[in-house]
Amino acid sequence: MAELHIVGQIVGASGFPQSSLFCKWGIHTGGAWRLLSGLKEGQTQVDLPQTGDMAYWSHPIDLHYTTKGLQGWPKLHLQVWHQDAFGRCQLYGYGYCHVPSSPGHHHVRCVTWRPLGSWQEQIAQTFVGGGPLLRSPDIIYSGADRYRLHTVAMGTVELELSIIMRHFDRYGVES
């Protein structure tokens, strides 16, 4: 079977309205993929930058997959959250990106967005916090109903990923 190693880190995020951010992440693959080692999902610590707007997490990612085909190539989905001084958490953005399909070291920038909501929800979000969330996080990477959402662009998450591919040549993939 072909093997894929994903080794790297979620470096951090910038461009969000406020700092004190953390990130929940996960990997989605197709049915032909099997995780041999590593965690499919995780969460970073909260970072409150003293200078600048870049929140640094340096959260490690280390995954080892096997597969018999390319269908369902891994996608990384992200949720960026803000934690206020009272410990309340508010969603700041959803995002996803495909894991690079060529071996080597890659710098990946993942743009994020959040649901906009009605004007009443926007006013409530300004004064009370919170805001609309997706009923099913699968919409982040599936795209089936995502085109129907009203969204607003948020910040960017930066990742550094090293990709190691083994035995893909047996399945007609040149690396």
Report task. Run the quick spin-label model on T51 and Q120: label points 7 Å from Cα toward the beta carbon, then report their separation in nm to one decimal. Result -> 4.7
Report summary line: Heads up, region 43-100 by the C-alpha gyration tensor (a ≥ b ≥ c square roots of eigenvalues; a/c under 1.5 rounded, else a/b over b/c prolate, else oblate) looks prolate
Query raised in the report: What are the ³J(HN,Hα) values, in whole Hz, obtained from phi via the Karplus relation 6.51 cos²θ - 1.76 cosθ + 1.60 with θ = phi - 60°, for each residue of region 84-99 in sequence order, with x given for Gly and Pro?
Result: 7, 5, 9, x, 7, 10, 10, 5, 10, x, 10, x, 8, 8, 6, 5
Query raised in the report: Taking all protein chains as present, what is the carbon and sulfur share of the accessible area of region 52-101, in % to the nearest whole number, probe 1.4 Å?
Result: 53
Report summary line: Listed by chain and number, the residues whose amide H is under 5 Å from that of V99, excluding neighbours fewer than 5 places away on the same chain and using placed H, are K75, L76
**Report entry** Dimensionless Rg ratio for region 1-108, taking C-alpha atoms and the 2.2 N^0.38 Å reference
**Finding:** 1.18
Query raised in the report: Using a simple spin-label model with points 7 Å from Cα along the Cα→Cβ vector, what separation in nm is obtained for R109 and A85?
Result: 3.3
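The values are calculated or read from the model by the stated rules, or taken from the named source; none is laboratory data. Everything numeric here is computed off the predicted structure, so don't read it as measured data. FYI the Cβ positions are ideal-geometry reconstructions off the backbone, even for glycines, and counts take in every protein chain you see. When the accessible area is computed, the model is the full protein with side chains, heavy atoms only, and any ligands, DNA or RNA have been set aside. Shrake-Rupley method; radii C 1.70, N 1.55, O 1.52, S 1.80 Å.
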